[in-house]
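Below: one structure, written as C-alpha cells.
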Amino acid sequence: MSDLQNLIEMGFSEEKCIKALSLNNQNMQQALDWLLIHGNELDEPAVKDEHPNQVLKLSSATSSDEKVNPVENQDDASNPNSLKCDDCGLLLKDEDFATLHAHKTGHVNFSQSTESIKPKTKEEIEEQKIRLSEKLKKLRQEREEKEKQEQLEKEKLRRKEGRQLNEIKQKFQEEEMKRIAELKRKEKLADAEYKRKLKEQIARDREAFRKESQPEQSKQSPQSQVQPVSLVVKKDYNECRIQIRLTDGSTMIQKFNAQDQLSAVRSWVEENRNDSHGAFNLMQTFPKKIYTSEDMSKTLTELGLVPASSLVVAKT
C-alpha cells in the first residue's frame, strides 16, 4: 500500500493528500503534519459528485443550542459564523465546505450557525498527530503482514510447482529407464534365440553330414560283431561323395567317380560356384591339407577321399 493510500484511509481527501505529498517532497511524516494544520482548508480541485440527485437544504433557523436570548440571536442571525450539518452535527466553515461534506457523506440538511470553528490547539494537534501516527503504524503493520502473507503464499506455490516439476521429471526418467531396460531385454532374448537357432542349425548340418559321409552298414548278427577286425573284408567303392564349402559359407554336394582326378572336382567347382570368382585352392580341414597342382593329377582314391569327404574352397 502506498503513502497516498495510507493518508486517504486516515480520513483526508485524495486532493489534499496529493497536495501534501507534493509540497513535502513525498515525505509522509511531513505531509501528515501539513494535513493536520491545513486539514480544514477547502480542496482546490473539483470533487466528483457522488450523490448527484441530492439537493442541499439550508435551514434559516438557527440551532437550538444557540437560543440564548432573542436579541442576540436576532443580531447573530444576520452574521452567521458557520454552517452546521443537521444530520451529523459537524460545524463547517462555509458553503464550499458544506458542499464538499455533502459530496463525501451524502448529508443534505444544513443550517446556519453563529458558532465559530475554533482552531485546534497545539495539544489537540499533537493528540491528533499521535492518533494518526498510531493509525499509520497499524496500517503499515497490516500492510507488512499482508505482504508477508502474500510472499508466504507465493513461496508455497513456488515450492508446490517445484515439487510437481520434480515429480514429472522423475516419472519421465523412470519411464525412460524402464523403456531402455525393456529394449535391452528384448535384444538379449532375440540374441539368445538367434544363437539357439544357429546352434540347432549347426547340429543338424553336422548330423546330416555325418549320415551322408558314412556308408550304410548292413545289420550284423551278434556273432559277426564279435569277429576280429582282421576278418573284415575291405569294400571297394566306385563312387565318391564330396561336400564342398564355398567362401560365403554355403555348401555344394556332388558325386564323382572314385577314379576321377582331383582336377575334375576343381573344374566342377569353377563351373558351379556362385559365391565369387577368382583364384582358389582346395583344402581339407581334418587333417589339414592344401592340395597343390601336383595333386590335381591324382585320383580321388589315391588321395583318400573315397567314399566321402569334405573340401573347402580357400582364396589365394
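Restricting the first member to region 297-311 and to residues that are closer than 10 Å to Gln259 by Cα, and the second to residues that are in a strand (DSSP E or B) and open to solvent by 30 Å² or more (accessible area, probe 1.4 Å), the beta-carbon pairs closer than 7 Å and six or more apart or on different chains are Lys298/Gln261; Thr299/Gln261.
Scanning region 213-250 for residues that are surrounded by fewer than 13 Cβ atoms within 10 Å (Cβ to Cβ) and touching a strand residue (DSSP E or B) at 6+ places or on another chain (Cβ under 9 Å), we see that the one that is modelled with the highest pLDDT is Asn238. For region 106-159, the candidate set comprises residues that are assigned to a loop (DSSP other than H, G, I, E, B) and under 30 Å from Gln30 (Cα atoms); within that set, the residue that is most open to solvent (accessible area, probe 1.4 Å) is Lys118. Within region 1-30, being open to solvent by less than 50 Å² (accessible area, probe 1.4 Å), under 15 Å from Arg140 (Cβ atoms) and in a helix (DSSP H, G or I) holds for Leu4, Asn6, Leu7, Met28. Just wondering, is there one or more residues in region 288-307 that are under 14 Å from Thr251 (Cα atoms) and open to solvent by less than 40 Å² (accessible area, probe 1.4 Å)? No, because not a single residue in region 288-307 is under 14 Å from Thr251 (Cα atoms) and open to solvent by less than 40 Å² (accessible area, probe 1.4 Å).
Number of residues in region 265-287 that are among the hydrophobic types (A, V, I, L, M, F, W, C) and open to solvent by less than 40 Å² (accessible area, probe 1.4 Å) equals 5.
The values are calculated or read from the model by the stated rules, or taken from the named source; none is laboratory data. Keep in mind that this is a model prediction, so the values were computed, not measured. Neighbour counts run over all protein chains shown; Cβ positions are idealised from the backbone, glycine included. Side chains included, ligands, DNA and RNA excluded: accessible areas come from the protein's heavy atoms. Shrake-Rupley method; radii C 1.70, N 1.55, O 1.52, S 1.80 Å.
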